[in-house]
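Colleague: Got a structure here, written out as structure tokens. Questions coming.
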Amino acid sequence: YEPLRDGKVSIGDAMVIAAWKHGWSQSGWNPRVLSRKDAQELHDYDEVQDSIHKMNWPPKPSEKNMERLILGYLRYFALAAVGGEYISEISTMPMDMPATKYGKQLPNNGDVSTFVNQVPMLLSGRSSEWEHFAKELLHEVDECMKEKKIFCSDVDALERLMMQNKVKQTGSMGVLPATHLPPALGGFEGVFGLIEPQQRDRSFCDATKTLLAVSMDSNSVRIGGYDVEKRGILMARAMQTYHDLCAGPEFFESAMKKVGMEGVTYTANINNKVEEPTQADLEAIEKEGADHRKIVDAMANEYSNDLSKIWEFTPDDNLPIMNTFVKPLRGSRPGLQELTIIAIWKHAWRQAGWNPRVLSLEDAKKYPEYEKVEYEVRHLHRRMLHNEYEVMCYLRYFAMATVGGYMSDFDTVPFHFPTSEYGELPNSGNFTSFSRHVPALLSGSKSEWEYVAKRLIVEGKKHTDEANLPYTFSDMLALNDAFYGKGKTDKDHIVDVIAKQPNYENSGTSVIGWLPRALFNQNVKFDCTLLKKHVAIHVSHSAVGHKSGKLPGYEKVDSRQLIRPYIMAELMHKYHNDCAGPDFFESAAKEVFGGSTAKDSSPKEKEGSETDAVKGDSVSEAGSPEDTPGTKSMEDLVEADGSLQISREHKVMFVHVPQTNGHTIDQSKLFVHPKKATVGGHNRIMDFYTREGINSNDFTSFAIAGHPCERFMRIFDSVKEGTDRNPQEVEWAKNNIGDMTVDEFVKKGIPGEYSPFQAMWSFMFMTDMTNGDTKMGVDNVFCQEQFEDVVSWVNKKYGPGFLQEDKNLSAQTVRQCQNLEPETREAINDHYAMDYCIFGFDTNNSEVDTCEARRISKSDYETRVESCFSRLSLETKRRLKKEYPQHIL
């Protein structure tokens, strides 16, 4: 540490140092603060100084920023001079990193190693290694500035050394910044969740055992909406909560004992005083939230009623183009949450002066070698065969190769990205990233996009034969390896655009990857100076998941993933109100209502109706529309329904769960219509509510539930045999099942992310975005073993002869589970534990018909799903949340 303010240590810095020293001391370490004086003890310090001043510094460096950078280099020379082994930033605090374990043996046999990629939050190495490392780092800094013509920090040099394998990693992301802790740690927003703790149990502590330390750097604190001068108190408060809950002894008590203040009452005030909102304030916030939701829902409904508007694009020579790529993953129609995000994305970029364009798979197909590259992408790895999302992520680069220019993720929206400055492609059209290896915002000429698209396939092919690869090798991982990591060649060049006015403390990607804390506090304004250093913000699932706290106006919603589109809109609204203008919602309302507010009357909305978000009785991932059919005829609506099991004539919907005898319903007279496509497929209830005019008040829905274990056996046989399946599914079975017996397949692990093997409840339940409740979306659930009840109900309700008995049903209900190995049966029961519990099946005996589905009311189902989930083990809960991200449990 070295003070930058005229050699004087500020009160804020003093508190940080005090917290840092006590934190490491409490974990059994002997903390030591090094300074420039320690570096000056090095035998050839004068030569080091001379080398620093002779480096290829860009012109007109800021004296303060230059000093920050130099101190960043000198700390390694200071460590070399005193013979140390570990070094951390003063903002890095230990969690589960006891000296008794980590002080005895250095990682990687003492080679210089980083715990957090290229970020120097925590490093280790033999004392004899540090001088050589420091000089190598200084050389790479010089080379970096020579190449990039910008200031380069020790972070840049560390990255270069890692690519040359001169610096190793410890093998895990053991230290993370305050804003980037993973959702696995209970979904709290980084270390800030410890500052303002909610109710935590021991499972939270178990999760944090994988985390060695956390870093509360000043930039994270600013983004978090806290006063940087109180960073030391923030660090201490976080450690107090962690030790009190998980580790012990208490942080403050041990600190006060150390300074002779035992028994003294203390407080740790970390926020500026904010007046508590009155009831009138709360009602006003809720009212504003409802108005905003009404506008957003209307924007989405415009696209829902006419899908062609998604891809509608009018060239304008005066407006530069911002592209994104959208390919619906279920059928030809995007889900409602996708539609809502697209609507917000287009409006946000249009408001920033750009001409937004949504590309599709049809654009990728214009690429001359499309069939060849599509085949290569789908066969990069066995996991790609049934991961349409990742396939599309690769193919979007080929769509861009046909048009060139900018591409942003459809959940990336602009902050300070003026067309006057960025209208022309940066770096002469060379491929450019505004978010390093995260493809949130990229640019390049057509030829550059083509090179990158093909280069990613080359990188992906390196993993084709890795049978045990536990994850899909995504385009993001390929981008990282090809241009930043071990796969980089001399031909691979990417230009990084970093935040404006970079300095050692807050340089970084130009796209923010986390949500500003002020978004969740009505009384705190955005730090506009900080945000305007960044061109955009990426409102990813990860960014939304890292935050705790309630969005004003959405307090009833426990899960922020449900309202991600609304978070995007509210983010733009607050940014424009606090920093930029004009008002986001007002301009959006003018587009969809023709007036200035959501309250204005409009022919586009049913008179007097509630908004979709407020009704809550027919909602999908992001709330299902109670659409008013526009001017489309009945024939057009039926044709648009495609193969979905919807009868508009009889006002009925059938949710076909795999292997529950649903084909008999599909082929019944219920869905006969001259304009109706051949009915079939396994769709979730939420898919039906994306169709125009479909609502729970006018339409009845039904589904069938079968014994979970027996159903699994039928699915296994069907998938393995490849009967009536498309080539992709046949190839999936070949690669994932082959000649395995069912016992071998189950022992390997049932692939819950593969649709045929997913649980029945996931097809019938959906989430109410107004309060986060998991709701039963189907009106009538029948038992497969009592199929005669289905026949009787259909024929009584819709007319005799509409549905016939299935003569082959007895063959489908042969009991196979009784012959399974006990371990196999137990694993299957565990995988489908929710189905057993919700629908009332017997886990031990499939010969006894115990299905209770027909006797359970809709409201009872909602009570059951909560009760059943609460009984599961922590490991099973985490698996379900991963396999069913569209459901909030």
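The values are calculated or read from the model by the stated rules, or taken from the named source; none is laboratory data. This is a predicted model, so every value here is computed, not measured. No Cβ is skipped: glycine too gets one built from the backbone with ideal geometry, and neighbour counts run over all protein chains shown. Side chains are part of the model used for accessible areas, which takes the heavy atoms of the whole protein and leaves out ligands, DNA and RNA. Shrake-Rupley method; radii C 1.70, N 1.55, O 1.52, S 1.80 Å.
Colleague: Could you list all residues from the range 410-434 that are in contact with a His (Cβ under 8 Å, 6 or more places away or on another chain), within 20 Å of Ala543 (Cα to Cα) and modelled with pLDDT of 90 or more?
Modeller: Step one: filter the range 410-434 for residues in contact with a His (Cβ under 8 Å, 6 or more places away or on another chain), giving 411-412, 415-416, 430-431.
With the extra rule that they be within 20 Å of Ala543 (Cα to Cα), the set shrinks to 411-412, 415-416.
Asp411, Thr412, Phe415, listed by residue number.
Colleague: Condition (residue is acidic (Asp, Glu) and either at pLDDT below 60 or part of a helix (DSSP H, G or I) (or both)) applied to the range 218-228: is it met by at least one residue? Walk me through how you get there before you give the answer.
Modeller: Step one: list which residues in the range 218-228 are acidic (Asp, Glu), which gives 227.
Those left that are additionally either at pLDDT below 60 or part of a helix (DSSP H, G or I) (or both): none.
No, the conditions are met nowhere in the range 218-228.
Colleague: Identify, please: which residue in the range 659-690 is without any contact (Cβ under 8 Å) to a residue 60 or more places away in the chain and basic (Lys, Arg) and is, among those, farthest from Asp835 (Cα to Cα)?
Modeller: Taking the candidates together, the pick is Lys675.
Colleague: Taking Ile150 as meeting all but one of (1) in contact (Cβ under 8 Å) with a residue 60 or more places away in the chain; (2) open to solvent by 40 Å² or more (accessible area, probe 1.4 Å); (3) closer than 30 Å to Pro59 by Cβ; (4) assigned to a helix (DSSP H, G or I), write down the number of the exception.
Modeller: (4)
Colleague: Scan (1) at negative phi; (2) outside any helix (DSSP H, G or I) for the single condition Arg436 breaks and write down its number.
Modeller: (1) is the only condition that Arg436 fails.
Colleague: Now a separate question. Working only within the range 153-166, note down all residues that are touching an Asp or Glu at 6+ places or on another chain (Cβ under 8 Å) and part of a loop (DSSP other than H, G, I, E, B).
Modeller: Lys166 - this is the single residue of the range 153-166 that is touching an Asp or Glu at 6+ places or on another chain (Cβ under 8 Å) and part of a loop (DSSP other than H, G, I, E, B).
Colleague: Here is a further query. Taking the range 435-458, which residues are modelled with pLDDT under 90 and either surrounded by 23 or more Cβ atoms within 10 Å (Cβ to Cβ) or of a type in the set (Ser, Thr, Tyr) (or both)?
Modeller: Ser435
Colleague: Filter the range 719-739 down to the residues that are open to solvent by 50 Å² or more (accessible area, probe 1.4 Å) and either assigned to a helix (DSSP H, G or I) or at pLDDT 80 or above (or both) and list them by number.
Modeller: First, pick out the residues of the range 719-739 that are open to solvent by 50 Å² or more (accessible area, probe 1.4 Å): 720-721, 723-728, 730-731, 734-735, 739.
Matches in the range 719-739: Lys720, Glu721, Pro727, Gln728, Val730, Glu731, Lys734, Asn735, Asp739.
Colleague: Output the helices (runs of 4 or more DSSP H) that fall wholly within the range 326-429 and possess 1 or more residues being touching a helix residue (DSSP H, G or I) at 6+ places or on another chain (Cβ under 9 Å) and open to solvent by 20 Å² or more (accessible area, probe 1.4 Å), or say none.
Modeller: Values: elements: 336-351, 361-364, 370-378, 388-401, 419-422.
Passing ranges, in order: 336-351, 361-364, 370-378, 388-401.
Colleague: Which ones in the range 662-700 are of a type in the set (S, T, N, Q) and crowded, with 23+ Cβ neighbours inside 10 Å? Let's see the steps before the verdict.
Modeller: At the first step, the residues of the range 662-700 found to be of a type in the set (S, T, N, Q) are 664, 667-668, 678, 683, 690, 695-697, 700.
Scanning the range 662-700 gives a single hit, Thr690.
Colleague: If you don't mind, another one. List the helices (runs of 4 or more DSSP H) inside the range 806-876, counting only whole elements, that have at least 2 residues being at pLDDT below 85, under 23 Å from Pro658 (Cβ atoms) and not aliphatic (A, V, I, L, M). Show your work before the answer.
Modeller: Numbers: elements: 809-812, 822-831, 833-839, 858-870.
Helices (runs of 4 or more DSSP H) meeting the threshold: 809-812.
Colleague: All but one of (1) more than 25 Å from Gly23 (Cβ to Cβ); (2) exposed (fewer than 15 other Cβ atoms within 10 Å of the Cβ); (3) among the polar types (S, T, N, Q) hold for Ser51; which doesn't?
Modeller: Ser51 satisfies every listed condition except (2).
Colleague: Under the condition of being hydrophobic (A, V, I, L, M, F, W, C) and without any contact (Cβ under 8 Å) to a residue 60 or more places away in the chain, which residue from the range 22-36 is farthest from Ala81 (Cα to Cα)?
Modeller: Narrowing the range 22-36 to residues hydrophobic (A, V, I, L, M, F, W, C): 24, 29, 33-34.
Those left that are additionally without any contact (Cβ under 8 Å) to a residue 60 or more places away in the chain: 33-34.
Values: Val33: 13, Leu34: 10 Å.
That would be Val33.
Colleague: Applying the selection to the range 30-52, what residues are aliphatic (A, V, I, L, M) and in a loop (DSSP other than H, G, I, E, B)?
Modeller: Our first condition is that a residue be aliphatic (A, V, I, L, M); within the range 30-52, this holds for 33-34, 39, 42, 48, 52.
Matches in the range 30-52: Val33, Leu34, Leu42.
Colleague: Still on this structure, please answer the following. List pairs: first residue in the range 702-723 and within 22 Å of Asp789 (Cα to Cα), second residue at pLDDT below 90 and of a type in the set (Lys, Arg) anywhere in the structure, Cβ distance under 9 angstrom, at least six positions apart or on different chains.
Modeller: His707/Arg815; Glu710/Arg815
Colleague: Something else about it: Report, ordered by the first and then the second residue, all pairs with beta carbons closer than 8 Å, sequence separation of six or more or different chains, a first member in the range 526-548 that is under 23 Å from Leu442 (Cβ atoms) and surrounded by fewer than 20 Cβ atoms within 10 Å (Cβ to Cβ), and a second member that is of a type in the set (Ser, Thr, Tyr) and modelled with pLDDT under 80.
Modeller: So the pair list comes out empty.
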